[in-house]
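One structure below.
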Amino acid sequence: MIFRTPFILPLLYPKLIWRIPTSEDIIYLTFDDGPVPGPTDFVLEQLDKFNAKATFFCIGNNVIQNESIFRKIVEQGHAVGNHTQNHKKGWGTPNDEYLNDVIACQKTMKATTLFRPPYGRIRRSQIKQLDNYKIVMWDVLSYDYSNAMNRDRCLQGVIKATRKGSIVVFHDSYKAEKNMTYALPRFLDHFTQNGYKFESLSELEENA
């Protein structure tokens, strides 16, 4: 598995955000598919422990079912982004249906200009329809959700691939819980010990 995004993808899709250019020791942690009880609570505890900020790309229906956890994300100073209402895969969904699902999530979460397509799958025509959003992809994918990924390989792969300005994806989901709860605290500890800071993508919204 390739943990770092191949260089060709940002060249093919330059309007999408893959990494934040910086000379500083900063990492941008992101979490997809929450909020849910258990995994999201664990993530928030770990972020607080390491004085780290992150960005949560939330599924609208999960926000509705777990409003108190969503509020906790915001209250603790993290950024939030739209991940569609029902985790729609862009490649297999008609454009109108996909856009309506994004809008439904937007209404659920209120205002955010950050969007991440579920599975990283989105058509060029859908990108055009979402030109009022900052579409955030990633520089590093942890594969924490994969049954083929053991926890040590997950940790070592994501550490090796991460660099200054990396947008790193973990998942606050039940599917990813086993690998994520092992890798995340060790990842945070490793880079904290090496002088890195963890920031949210709120600057993208400020520059919208």
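The values are calculated or read from the model by the stated rules, or taken from the named source; none is laboratory data. Values in this document were obtained by computation on a predicted structure and should not be read as measured data. In this analysis, Cβ positions are derived from the backbone assuming ideal geometry, glycine residues included, and neighbour counts consider all displayed protein chains.
Below are the figures for this structure:
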{"item": "Enumeration of residues in region 186-208 that are in a helix (DSSP H, G or I) and either modelled with pLDDT of 95 or more or buried (at least 22 other Cβ atoms within 10 Å of the Cβ) (or both)", "result": "186, 187, 188, 189, 190, 191, 192, 193"}
{"item": "Of the criteria (1) surrounded by 22 or more Cβ atoms within 10 Å (Cβ to Cβ); (2) hydroxyl-bearing (Ser, Thr, Tyr); (3) out of contact with any Phe, Trp or Tyr (no Cβ under 8 Å at 6 or more places or on another chain), which one residue 68 fails", "result": "(1)"}
{"item": "Per-region count, region 107-119, residues at pLDDT below 95 and surrounded by 14 or more Cβ atoms within 10 Å (Cβ to Cβ)", "result": "3"}
{"item": "Those residues of region 85-100 which are in contact (Cβ under 8 Å) with a residue 24 or more places away in the chain and either part of a loop (DSSP other than H, G, I, E, B) or surrounded by 20 or more Cβ atoms within 10 Å (Cβ to Cβ) (or both), in sequence order", "result": "85, 86, 87, 88, 89, 90, 98"}
{"item": "Residue 134 being touching a Leu at 6+ places or on another chain (Cβ under 9 Å) and over 24 Å from residue 41 (Cα atoms)", "result": "yes"}
{"item": "Conditions (1) free of Cβ contacts under 8 Å to residues at least 40 places away in the same chain; (2) surrounded by fewer than 22 Cβ atoms within 10 Å (Cβ to Cβ); (3) not in a helix (DSSP H, G or I); number of the one not met by residue 48", "result": "(3)"}
{"item": "Single residue of 14, 35, 21 found to be loosely packed, with under 13 Cβ neighbours inside 10 Å, farther than 18 Å from residue 187 by Cβ and in contact (Cβ under 8 Å) with a residue 12 or more places away in the chain", "result": "21"}
{"item": "Pairs, first under 18 Å from residue 151 (Cα atoms) in region 185-196, second among the small types (Gly, Ala, Ser), C-beta under 9 Å, six or more apart", "result": "187/142; 188/52"}
{"item": "Residue ID - farthest from the chain's Cα centre (by Cα), chosen from residues in region 101-116 that are of a type in the set (Lys, Arg) and assigned to a loop (DSSP other than H, G, I, E, B)", "result": "110"}
{"item": "Matching residues in region 52-84 - criterion: being assigned to a loop (DSSP other than H, G, I, E, B) and in contact (Cβ under 8 Å) with a residue 60 or more places away in the chain", "result": "52, 53, 77, 78"}
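Each row is one residue, and each column tells you yes or no for (1) buried (at least 21 other Cβ atoms within 10 Å of the Cβ); (2) modelled with pLDDT of 95 or more; (3) under 21 Å from residue 26 (Cα atoms); (4) touching a Leu at 6+ places or on another chain (Cβ under 6 Å).
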| position | (1), (2), (3), (4) |
| --- | --- |
| 147 | no, no, no, no |
| 159 | no, yes, yes, no |
| 175 | no, yes, no, no |
| 184 | yes, yes, yes, no |
